[in-house]
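Here is the structure we will look at, set down as structure tokens.
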Amino acid sequence: MNAARKKAAESMEKIDLVIEVLDARLPQASCNPMIEQLRKERQRPCLKILNKSDLADPVATKAWLEYYNAQKNVHAVALSCKKPADVAKVPGLAVKVAPHRGTALKPLRMMIMGIPNVGKSTLMNALLKKRVAAVGDEPAVTKTQQRLYLGNNMVLIDTPGMLWPKIAHPTDGLMLAASHAVGVNAVIEEEVATFLADQLLARYAQLITARYGFPTEGIDGVSVIEGIAKRRAFRLKGGDLDFEKAAHTLLQDYRSGALGRISLETPQSRELLLATYQAPVLLGEPQVQEEEDDDER
């Protein structure tokens, strides 16, 4: 990750536009703060692509587009990188964001960035109409930068997916894990699935009932996993419920869209999250403990 960041910083000097691919179901949680820092330092405009919009709640997506499009030097669009008609819009949007480039004398130089498994390689392949980047259902498929030409007037630079060294908010890590931006070896699926189930109960309880056939009144995330195991007859040898298989089923149904169109955050929920984490400081609580913790680390 450090090597990828250094290379991205070097390339940022030579490009005109950052195309940042986000997961439409969790746009801000899937937004790498290092990418934001790099492009702002170089004052590069950004085209934010909310990919997988066909899996996200359209009401939440509309709110996110309004949120990002109100920012300086940012244009946001929601699409699915698996749909050729959607991808065909990207070059035109890029030119609008950086109108001073895109001619034979001044090709538009674009860097595609994003965290692992948000669809960067799928976008690259669709734009170039050939397989130039490895695609897989696992994070960190792209390992090195690639420089590719899109017609005569556009240059694309693909970069490895970059996660930042420390995720500030635990819920962000859980959202990323639920959406498969974090490798399976780095998480405990039952914990991630329980978090996801709690989120679904809060906003999409009807989708749980529609998919698995049991009521959700008065239950929590653990009970959802238990209910899936019972309804699907997931049992271990000896007859105990197979919670691991049930957790995996819930995660796969969310990731594939089988559960329905779901967003794990909105601009409003994001604002509330940040306010919650900032509350101790705003309330004037002592910060000595934080300094001690940093020393211990």
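Miscellaneous remarks
- Net charge contributed by nearby residues that have their C-beta within less than 12 Å of Thr171 (K/R +1, D/E -1): -2
- Accessible surface comparison of Ser179, Ser256, probe 1.4 Å, protein chains only, largest first: the order is Ser256, Ser179.
- If you sort Asp220, Asp57, Asp158 by accessible surface, 1.4 Å probe, largest first, the order is Asp220, Asp57, Asp158.
- For the stretch 109-130 versus the stretch 1-80, the gap between their alpha-carbon centres in whole angstrom: 12 Å
- The 1.4 Å probe gives accessible areas that order Thr209, Thr216, largest first, as Thr209, Thr216.
- Using bins of 10 Å that start at zero, the share of Cα-Cα pairs per bin across the stretch 1-108 amounts to 14, 43, 35, 8, 0, in whole %.
- Contour minus Cα-Cα distance for Ile167 and Ala85 (0.36 nm per residue): 26.1 nm
- With a threshold of 27 Å on the Cα-Cα distance, the over-threshold entries among Lys166/Lys230; Lys106/Lys130; Lys6/Lys82; Lys6/Lys120; Lys40/Lys96; Lys62/Lys129 are Lys166/Lys230; Lys6/Lys82; Lys62/Lys129.
- Sorted from greatest to least, the principal axis extents spanned by the alpha carbons of the stretch 7-54 come out as 34, 17, 17 Å.
- Ranked by the mean number of other Cβ atoms within 10 Å of their residues, highest first, the peptides 45-55, 189-199, 261-271, 88-98 fall in the order 45-55, 189-199, 261-271, 88-98.
- Charge tally in the Cβ shell below 11 Å around Ile219, where Lys, Arg are +1 and Asp, Glu are -1, Ile219 excluded: -4
The values are calculated or read from the model by the stated rules, or taken from the named source; none is laboratory data. In this text the structure is predicted, and so the values were computed from the model without any measurement. Heads up, the Cβs are rebuilt from the backbone with ideal geometry, glycines too, and the neighbour counts pull from every protein chain shown. Just the protein is used for accessible areas: all its heavy atoms, side chains included, with ligands, DNA and RNA removed. Shrake-Rupley method; radii C 1.70, N 1.55, O 1.52, S 1.80 Å.
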